[in-house]
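First up is the structure itself, then whatever we jot down about it.
Laboratory data are not the source of any read-out in this text; all were calculated from the coordinates shown. Keep in mind it's a predicted model, so treat the numbers as computed, not measured. Because the Cβ atoms are built from the backbone with ideal geometry, glycine has one as well, and the counts that use them run over all protein chains shown.
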Amino acid sequence: MVFTVDIPELQCNLANWFRREGRSLPWRDTVSPYLVAVSEIMLQQTRVPAVIPYFLRWAEKFPSVQDLAEASEEEVLALWQGLGYYSRARNLHRFAREVCRRFGGQVPSGEGDLLALPGVGDYTAAAVRAFAFDLPAPVIDGNIARVLARLFDCHLPVDSAAGKKFLSDAAMKLQEGEISSRLWNSALMDLGATVCIPGEPACGRCPVREFCKAKHPSTLPKKKAKAEITRISEARGLCFLNGKIWLEKSAGPRWKGLWILPEIEEPPGCEPVVCLEYPITRYKVTMRVFDSLPAPSSEAHDAEAFQNLPMPSPHRRAIALWMSSATKK
DNA sequence: AAGCCGGGGCG
DNA sequence: CGCCCAGGCTT
């Protein structure tokens, strides 16, 4: 790759902009590599405003990696409730236990050590190295991928092998020199989040526009085509008996460990008591809920206490809808 | 390489 | 309504 840009000047412009306009975020106030890792795992495919309250509650309840390692899975899932991608919560729990067992409670800074931990992939390993340890690393999230693709007018799909190699090489090249990795990557990320945004970027107030090669920035980055949305329908049984509700602990890969309404065969000739629609990854699911007897796999929960169980949002919403329709009757 | 995993906000 | 988000794991 040929760089015709003056890297020190680019670094200086962006760093000065960041000192002026950078975001203030809770996980930037901590020096704990563990809390940095917590924030990064929470931020996987999840927006900053959604994460902030969860991160603050987490830092309060599990301030150290030992606190998390000693917690029960129930406590962990309860605190994660509503954030989505629940395998992240179980991975973070295992992450804490392995950090304690293998590294004496100190989050490692080596790329290989980090990548071997549950829930840590290329992005998170790089982010922990940069933000917690201030070490050079190719931090490529959705924001930085977009900024770099535009800066170099790169039309390779950013989710292809070739695109990722290009971005990684570019990211490492741009942080050469004396610049702090933590500062540089924070600045690049904030530029993507607030100026070099998806769709039409605000090039008029971009601190590095004189370095940008993008001819049509709104068309970048390119991505591979993704799967179409499939419509599916599912029937679930709701059993409310003697002030208790019957719920099943999900065992499958989806919502594992969370309490759900058991799936049933759709009873012929019956109308659902509740019907709602929710999107999940590449599906649009129509959930039809029927009055039913207790499913064999389910357990009775007290009508007040079940509200505090970890439960996927659509199931929680279905029960709330049923309760509001029942009180009207 | 492709499929799968939630939820929310915003245009 | 579709798109996108501080991605990782499994197949």
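GNM on chain A, alpha-carbon springs under 10 angstrom: the most fluctuating residue among A:163, A:22, A:104 is A:104.
Could you tell me the relative contact order of region A:188-329? Use alpha-carbon pairs under 8 Å, at least six residues apart, and round to a whole percent. Relative contact order for region A:188-329 comes out at 24 percent. Here the label points at residue A:25 and residue A:277, each 7 Å from Cα along the C-beta direction, are separated by 3.4 nm in the simple model.
What is the calculated FRET efficiency for residue A:210 to residue A:251, with r their C-beta to C-beta distance and R₀ = 51 Å, to the nearest 0.05?
Working: r = 56 Å, r/R0 = 1.11.
After rounding, the FRET efficiency stands at 0.35.
Neighbours of residue A:243 by Cβ distance under 12 Å: Lys/Arg scored +1, Asp/Glu scored -1, total -1.
Secondary-structure-derived ellipticity at 222 nm for chain A, considering helices only, amounts to -12500 deg cm²/dmol, per-run term -39500 (n - 2.57) for DSSP H runs with n ≥ 4.
What shape does region A:143-195 take by its C-alpha gyration tensor, where a ≥ b ≥ c are the square roots of the eigenvalues and a/c under 1.5 counts as rounded, a/b above b/c as prolate, and the rest as oblate?
Working: a/c = 2.34, a/b = 1.39, b/c = 1.68.
Oblate, because a/c is 1.5 or more while a/b does not exceed b/c.
For region A:230-328, the number of Lys pairs with C-alpha atoms closer than 24 Å, counting only pairs eight or more positions apart or on separate chains, is 4.
Here region A:68-97 is scanned for amide nitrogen atoms under 17 Å from the site 7 Å beyond the Cα of residue A:299 along Cα-to-Cβ, giving A:72-79. Mark the label point 7 Å from the Cα of residue A:194 along Cα→Cβ and return the residues of region A:22-42 whose backbone N is within less than 12 Å of it. Residues A:22-25 fall inside that zone.
Grab the Cα-Cα distance for residue A:47 and residue A:113, subtract it from 0.36 nm times how many residues apart they are, and report the gain in nm with one decimal.
Gain on extension, residue A:47 to residue A:113, equals 21.1 nm.
Multiplying the residue separation of residue A:155 and residue A:202 by 0.36 nm and removing their Cα-Cα distance gives an extension gain of 14.9 nm.
When only Cα pairs below 8 angstrom with a gap of at least 6 residues are kept, region A:32-133 shows a relative contact order of 33 percent.
By the gyration tensor of its Cα atoms, with a ≥ b ≥ c the square roots of the eigenvalues, what is the shape of region A:253-329: rounded for a/c under 1.5, prolate for a/b over b/c, or oblate?
Rounded, since a/c falls under 1.5.
Quick check for you: which residues of region A:169-207 have the amide N under 17 Å from the point 7 Å beyond the Cα of residue A:9 toward its beta carbon? Residues passing the 17 Å test: A:174, A:206-207.
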